[in-house]
1. With every protein chain kept in the model, how would you rank Asp340, Asp13 by accessible area, 1.4 Å probe, largest at the top?
2. When ligands, DNA and RNA are left out and all protein chains stay put, how many square angstrom of accessible area per residue does the stretch 48-154 have with a 1.4 Å probe?
3. Going by amide H atoms built from the backbone, whose H comes under 5 Å of the H on Leu171, apart from near neighbours?
4. Angle, helix 52-65 long axis vs. longest principal axis of the chain, Cα atoms, 0 to 90°, nearest 10?
5. For the chain, with all protein chains present and a 1.4 Å probe, just round the carbon and sulfur fraction of the accessible area to a whole percent.
6. For the stretch 236-366, treating each Cα as an identical point scatterer without solvent, what Debye log10 I(q)/I(0) comes out at q = 0.15, 0.18 1/Å?
7. How do the peptides 173-179, 131-137, 89-95 rank, highest first, by the average count of neighbouring beta carbon atoms within 10 Å per residue?
8. Cα-based Rg of the chain per 2.2 N^0.38 Å, rounded to two decimals?
Amino acid sequence: MSRILVAMSGGVDSSVAAALVAEQGHDVVGVWMRLHDVADSYSEFKKSCCSLDAADDARRVAGQLGIPFYVMNLEREFDAGVLQPFLDAYLDGRTPSPCVDCNTYVKFGALLGRARHLYDCDAVATGHYARRVVSDDGEVRLARARDTDKDQTYFLYGLRQDQLEHARFPLGELTKPAVRSVARSLDLVTADKPESQEICFVPGGDYREALRDRAGWRPEPGPLLDVGGDRVGEHRGAAAYTVGQRQGLGVALGEPRYVSRIDPLSNTIQLGRREDLETTTVALERVSFVAGAAPAGTETASGFRADARIRHRATPIAATVRPASPAEPARGGRWIVETDEPVWAAAPGQACVLYDGEIVLGGGRIARPGADAPELRASA
């Protein structure tokens, strides 16, 4: 059996993950990660995975399971790999995906590295709902969880082969009710704990507060433009909006309007009708593939077929995926996704994940519209 580090957040999922790994006979080490200063406070409704009460719950579960427990400080790695990119994205008019960065750079990056060097662990296990499939030739694939409602592979697409090789997802074959049942059968203190429903470093749920407190953002009003470029109002600061947003616009134009584009340089926000936010072409940047290379067929002009998901809860849409140019690399390059049906509100900065059935092929971040997109026009 192996020595496995389990990332314990203080929630029911990671608690059961630790229990299952221990039940399999592995030598288990429990670790709670200190990622930022929210760890110095308590979560009022016990819904944060990064507050002091979460650390206490993780420690209590480790005690119930009889496994060693440690607190690991990864604040520097989290700040560089997750927090700063999060703040920079909003200030640049993009919508970040911090959970993707946390998994790629922290949990299966820094934590995995320390697990192997400090605790001589062979792998890191988490409470993610995902599956890891090893083919006959040794290639490790990332597959959707059996519980499709809880599947979290959208946030794991950036993992490389060397990371997946040392990753374990004990909950991949279970449903959420089954996980709760296991926790209750073991009388774990987290069995009926509510799920975390917020960005861990934004305990109040409003990312704008994080921009003010952590990036010194001060809202600067600017023009709010309608579909045709006419000025119809004033926004309260470009970073306070995201593509697809309808609420809080402060304008009444006879039919619903949504944020369709954010230009931080001119501090201008363009509105559109719902149909204006539909598209069948989505450009991706910082693309990576789980296998380390794009699927066969990429060398042709037609590219390869996949199902594309532009948001965590969005329905995957059949699409053709091709490199933006023949020289694009398999990791970090730009690719074009052409969907068979329109997708709505593809927000720059968000992840677009590509699937072949249950298998995750890879993905990238949605790029800002190119030079051929309509320019914003401010009017008096």
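The values are calculated or read from the model by the stated rules, or taken from the named source; none is laboratory data. Fair warning: this is a prediction, and the values are worked out from it, not measured in the lab. Heads up, the Cβs are rebuilt from the backbone with ideal geometry, glycines too, and the neighbour counts pull from every protein chain shown. Areas reflect the complete protein model, heavy atoms only, side chains present, ligands, DNA and RNA absent. Shrake-Rupley method; radii C 1.70, N 1.55, O 1.52, S 1.80 Å.
1. Working: Asp340 90, Asp13 30 Å².
The most accessible residue leads, giving Asp340, Asp13.
2. On the way: 4400 Å² over 107 residues.
Accessible surface, normalised per residue, equals 41 Å².
3. Amide H neighbours of Leu171, under 5 Å, 5+ apart: Ala130.
4. Compared with the principal axis, the helix lies near 30 degrees.
5. Working: 8090 of 17010 Å².
In the chain, the share of accessible area belonging to carbon and sulfur is 48 percent.
6. Here the Debye-derived log intensity ratios amount to -0.73, -0.95.
7. Values: 173-179: 16.0, 131-137: 11.6, 89-95: 20.4.
Highest-to-lowest ranking by the protection proxy: 89-95, 173-179, 131-137.
8. Numbers: Rg = 21.8 Å, N = 380, 2.2 N^0.38 = 21.0 Å.
The value comes to 1.04.
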